[in-house]
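Visitor: Take a look at this one; I'll ask things after.
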Amino acid sequence: MIYLDYQATTPLAPQAREAMLRWLDGPDGTGFGNPHSPHTMGRQSHAAIELARERVAGLFPPGGRVIFTGSATEAINLAIRGSAAGARAVSAIEHAAVRDTAGALGDAIQLPVSSAGIVDAEVPIAGNTSLVAVMQVNNEIGTIQPVERLAQRSAAMGALFLCDAVQGAGKLAPPLGADMIAVSAHKFHGPKGVGALWLRDGLKISPLITGGGQEQGIRSGTLSPALIAGMGAAAQLALERKDEDAAHVEHLWNRARECFSGWTLNGSETQRWHGNLNLRREGVDVARLMSDCRDVMFSAGSACASGSGRPSHVLKAIGLDDRQAKSSIRIGFGRYSTLDQIEEAASKINAAAAAQEV
Ligand code: PLP
């Protein structure tokens, strides 16, 4: 199996797995204490969570606090539903977690993107807007958005700025000027089922989940020391290896671009995270391609939209027609990917695509 779907999820780092084990103890161990219990085992679990909180804080700008959640989707729901009521503006290429949540609360204004897949930093935003949400890196086409300028403009007009940093966390510098930032551990080699919402100091939001008042009264429910310790270790590792990982990705990108020279790149070549190669080839039946290349894990459009039969809203937003959007694939690679994997996957995918053309 060749795994090239790093935007859907990433392999767990061995260091993150190791950090989790102690907190998965059975009856013979001492790591299973409830982190909210005042006894010794509870305090140990609590200390593991606080250590992880410090590590995860390294993914964000200074001057805020980290609230652990069960996913980035939950963090985004908490941010949108728990903060300002009123008009919301979201980019046309947001993940469903933002689009559908903002949409469920009333008509959200869409901020358009260019054909390169980038929101204009000076895009008009209505004066009555109370929340602006623009992602740092798009999950389908990898394009990097001018979030700092948009955050600055939002602040100047009195609106809150939410940044979905799920695909950028640990890879790019944190988005400065945001009021709220959402991340997900499994996108930076941590475990699935844990995310975080960062809140700028002084910002108050309302809880969605009430109960025991854990997580500073904002998100009730017993925390998972194992998942959170894994997230903390993964965050620390991502920050330590940021330059090394980026150099590795660049190396893979250069080779991947050569290997897939018969395909057209969707989205900007330069203003992009280079671990994301979204490509199209006229006339290719992507469902058939995927079934012909079963041992290569890649994606058609986004992992969430694939299977729905609907063309991706992101590819439509950059101006592709239905046929072009449906003949697009996403190859995603990162820290643990190798040149050999890229080359082998490309030769299989290219052969399968060429076979469709005869
Ligand atoms: N936002 C983006 C950009 C994503 O890529 C994803 C996951 O695909 C999410 C949000 C949701 O993250 P989670 O899986 O933690 O709910």
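Visitor: Quick one: grab the alpha carbon gyration tensor of segment 158-243, order the square roots of its eigenvalues as a ≥ b ≥ c, and give me rounded if a/c is under 1.5, else prolate or oblate depending on whether a/b is larger than b/c.
Guide: Values: a/c = 2.50, a/b = 1.16, b/c = 2.15.
Oblate shape, in that a/c is at least 1.5 and b/c is the bigger or equal ratio.
Visitor: Below 15 angstrom from the Cβ of SER206, what's the summed charge of the other residues (Lys, Arg +1; Asp, Glu -1)? All intermediate terms of the calculation are to be shown ahead of the outcome.
Guide: Working: positive: ARG81, LYS204, ARG219; negative: GLU74, ASP179, GLU215.
That works out to 0.
Visitor: Quantify how much of the Cα-Cα distance distribution of segment 220-338 extends past 24 Å, in percent. If you can, show how the numbers build up before the last one.
Guide: Details: 2836 of 7021 pairs.
Summing the P(r) of segment 220-338 above 24 Å gives 40 percent of all pairs.
Visitor: Okay, next question. What number, in percent, do you get for the relative contact order of the chain if the mean sequence gap of Cα pairs under 8 Å and at least 6 apart is divided by its residue count?
Guide: Numbers: 735 pairs, mean separation 84.0, N = 358.
Rounded, it is 23 percent for the chain.
Visitor: Extending each Cα 7 Å along its Cβ direction at GLU344 and LEU172, get the distance between those two points in nm, one decimal.
Guide: Going from the GLU344 label point to the LEU172 one covers 3.2 nm.
Visitor: Oh, and also: Using +1 at the C-beta of Lys and Arg and -1 at the C-beta of Asp and Glu, which of ILE205, LEU277, LEU252 has the Cα lying farthest in the positive direction of the dipole of segment 154-278?
Guide: ILE205
Visitor: To continue, here is another question. Mean-square fluctuation check for the chain, GNM, Cα pairs under 10 Å: which of ASN276, ASN34, ASN77 is largest?
Guide: Judging by the Gaussian network model, the answer is ASN34.
Visitor: Once you have the Cα-Cα distance between ARG323 and ALA47, take 0.36 nm times their residue separation minus that, and quote the gain in nm to one decimal.
Guide: Numbers: separation 276, 0.36 × 276 = 99.36 nm, distance 5.32 nm.
Stretched fully, the ARG323-ALA47 segment lengthens by 94.0 nm.
Visitor: Okay, moving on. How much of the DSSP bridge set in the chain is antiparallel, in percent, rounded to the nearest 5? Can you show the working numbers first?
Guide: Values: 22 of 39 bridges.
Close to 55 percent.
Visitor: For the chain, just say rounded, prolate or oblate: build the C-alpha gyration tensor, square-root its eigenvalues into a ≥ b ≥ c, call rounded for a/c under 1.5, and beyond that prolate if a/b exceeds b/c, oblate if not.
Guide: Values: a/c = 2.06, a/b = 1.28, b/c = 1.61.
Oblate, since a/c reaches 1.5 and b/c is not below a/b.
Visitor: Moving on to the next point. Suppose only helical runs count, i.e. DSSP H with n ≥ 4. What mean residue ellipticity at 222 nm does that imply for the chain under -39500 (n - 2.57) per run, divided by all residues and rounded to the nearest 500 deg cm²/dmol?
Guide: On the way: 11 runs with 126 residues, N = 358.
Rounded to the nearest 500, the figure is -11000 deg cm²/dmol.
Visitor: Quick check on segment 179-218: take the gyration tensor over C-alpha atoms, sort the square-rooted eigenvalues as a ≥ b ≥ c, and tell me if it's rounded (a/c under 1.5), prolate or oblate.
Guide: Working: a/c = 3.14, a/b = 1.45, b/c = 2.16.
Oblate, because a/c is 1.5 or more while a/b does not exceed b/c.
Visitor: If you don't mind, another one. Can you tell me how much longer the chain between ALA247 and ASN34 gets when fully stretched, taken as 0.36 nm per residue apart minus their C-alpha distance, in nm with one decimal? Before the final figure, lay out the partial values.
Guide: Values: separation 213, 0.36 × 213 = 76.68 nm, distance 4.07 nm.
So the extension gain works out to 72.6 nm.
Visitor: If I take R0 = 35 Å and measure r between the Cβ atoms of ALA354 and GLU269 in this structure, what FRET efficiency does the formula 1/(1 + (r/R0)^6) give, to the nearest 0.05?
Guide: Values: r = 24 Å, r/R0 = 0.68.
The value I calculate is 0.90.
Visitor: Applying 1/(1 + (r/R0)^6) with R0 = 22 Å to the Cβ-Cβ distance of ALA156 and ALA92, what FRET efficiency is obtained, to the nearest 0.05? All intermediate terms of the calculation are to be shown ahead of the outcome.
Guide: Working: r = 22 Å, r/R0 = 1.02.
In this case the efficiency is close to 0.45.
Visitor: Could I ask something else about it? Using a 1.4 Å probe on the protein chains only, how many percent of the accessible area of segment 14-240 belongs to carbon and sulfur?
Guide: Working: 4790 of 8680 Å².
The value for segment 14-240 is 55 percent carbon and sulfur by accessible area.
Visitor: In addition: Give me the distance between the Cα centres of segment 50-94 and segment 154-222, rounded to whole Å.
Guide: Rounded to whole Å, the Cα centres lie 2 Å apart.
Visitor: Given a 1.4 angstrom probe, what's the average accessible area per residue across the chain, in square angstrom? List each step's numbers first, then the result.
Guide: Details: 14580 Å² over 358 residues.
I get 41 Å² per residue for the chain.
Visitor: Could you give the spread of the C-alpha atoms of segment 14-74 along their three principal axes, from largest to smallest, in whole angstroms?
Guide: 40, 29, 20
Visitor: If you put +1 on each Lys and Arg Cβ and -1 on each Asp and Glu Cβ, how big is the dipole of segment 14-240 around its Cα centre, in Debye rounded to 20? Each step should come with its number before you reach the end.
Guide: Working: 17 positive and 18 negative charges, 49 e Å.
The calculation lands at about 240 debye.
Visitor: What order do you get for 150-161, 20-31 when each peptide is scored by the mean count of other beta carbon atoms within 10 Å, highest first? Don't jump to the answer; show the numbers that get you there.
Guide: Values: 150-161: 18.8, 20-31: 13.9.
Order by mean packing, descending: 150-161, 20-31.
The values are calculated or read from the model by the stated rules, or taken from the named source; none is laboratory data. On a predicted model such as this, the values are computed, not experimentally measured, just so you know. Glycine also receives a Cβ, built like all others from the backbone with ideal geometry; neighbour counts cover every protein chain displayed. Ligands, DNA and RNA are excluded from the accessible area calculation, which covers all protein heavy atoms including side chains. Shrake-Rupley method; radii C 1.70, N 1.55, O 1.52, S 1.80 Å.
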